[in-house]
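To keep things clear, I will list the structure first and then write my remarks on it.
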Amino acid sequence: VFDLEPDHVHLEARGLIQQYGSLTELAKASVADLSRIRGLGKVKAQVLKAALELAKRLSEESAPTRHTIRSPEDAAGILRERMRTREEESFWVLLLDGKNRLMKSPIEVTRGLLDASLVHPREVFKEAIRSASAAVVLAHNHPSGDPHPSVEDIRITKQLVEAGRIVDIHVLDHVVLGRQSSTGGADFFSFREAGIVEFRSKD
């Protein structure tokens, strides 16, 4: 990437990570930001950005498409890499078969500040109905890092659970992803585990 001898490349890469604090923060940097670093320039910055994006996609594709969702941690594990560098909220749906196995790659429904007008039941359940999914897990991220739900998050979840009852698709959970706290707390919040929304059982 840096057109240098291997040892120099290692030192340069380590310097970049030290400057940004982590690979996650480095991946968030724009080409313009990287271009301003002495010794990089626009072309090398573009190559670096492309390499980081490729690494992200390889990580996403490594998750098995028939992964079984047994817990909120399973859902968070599938989406964590997709959401790690997002600087705006995005809402996703995991489509599951009758054995809670992931039927296909997670579907991004919307991106931007979440409200009921953006996360419409029609868009959330459209692919689930088309794929004859037995159940879904809802998920979105909080770029602030705090996974605790807002009042609007709770309202949207209740609305979607009720819509799922109408179309006979079980909404098993809504998982909100943030970042792990300094005290070692979980980087996600499960509506089902918290008990603040009544979810329909599959049994």
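The values are calculated or read from the model by the stated rules, or taken from the named source; none is laboratory data. These numbers come from a predicted model, not from an experiment. Ideal geometry is used to build each Cβ from the backbone, glycine not excepted, and the neighbour counts take in all protein chains shown. Heads up: the accessible areas ignore ligands, DNA and RNA and are worked out on the full protein's heavy atoms, side chains in. Shrake-Rupley method; radii C 1.70, N 1.55, O 1.52, S 1.80 Å.
Annotation note: Cβ proximity below 7 Å between a residue of region 84-102 that is under 18 Å from G164 (Cβ atoms) and a residue that is hydroxyl-bearing (S, T, Y) and open to solvent by 40 Å² or more (accessible area, probe 1.4 Å) (sequence gap 6+ or interchain) occurs for L102/T65. With respect to (1) touching a residue at least 12 places away in the same chain (Cβ under 8 Å); (2) surrounded by fewer than 15 Cβ atoms within 10 Å (Cβ to Cβ), the lone exception for A132 is condition (1).
Residues that are touching a strand residue (DSSP E or B) at 6+ places or on another chain (Cβ under 7 Å) and modelled with pLDDT of 95 or more: list the strands (runs of 3 or more DSSP E) wholly contained in region 66-182 that include at least 1 such residues. Outline the logic, then answer.
Numbers: elements: 90-96, 107-111, 135-141, 170-177.
By residue number, 90-96, 135-141, 170-177.
Do we have any residue at all in region 140-161 that's open to solvent by 30 Å² or more (accessible area, probe 1.4 Å), touching a Phe, Trp or Tyr at 6+ places or on another chain (Cβ under 7 Å) and either more than 16 Å from M83 (Cβ to Cβ) or touching a residue at least 24 places away in the same chain (Cβ under 8 Å) (or both)? Among the residues of region 140-161, at least one is open to solvent by 30 Å² or more (accessible area, probe 1.4 Å), touching a Phe, Trp or Tyr at 6+ places or on another chain (Cβ under 7 Å) and either more than 16 Å from M83 (Cβ to Cβ) or touching a residue at least 24 places away in the same chain (Cβ under 8 Å) (or both), which makes the answer yes. S90 meets each of the listed conditions (1) surrounded by 17 or more Cβ atoms within 10 Å (Cβ to Cβ); (2) of a type outside the set (F, W, Y); (3) over 11 Å from the mean Cα position of the chain (by Cα) apart from (3).
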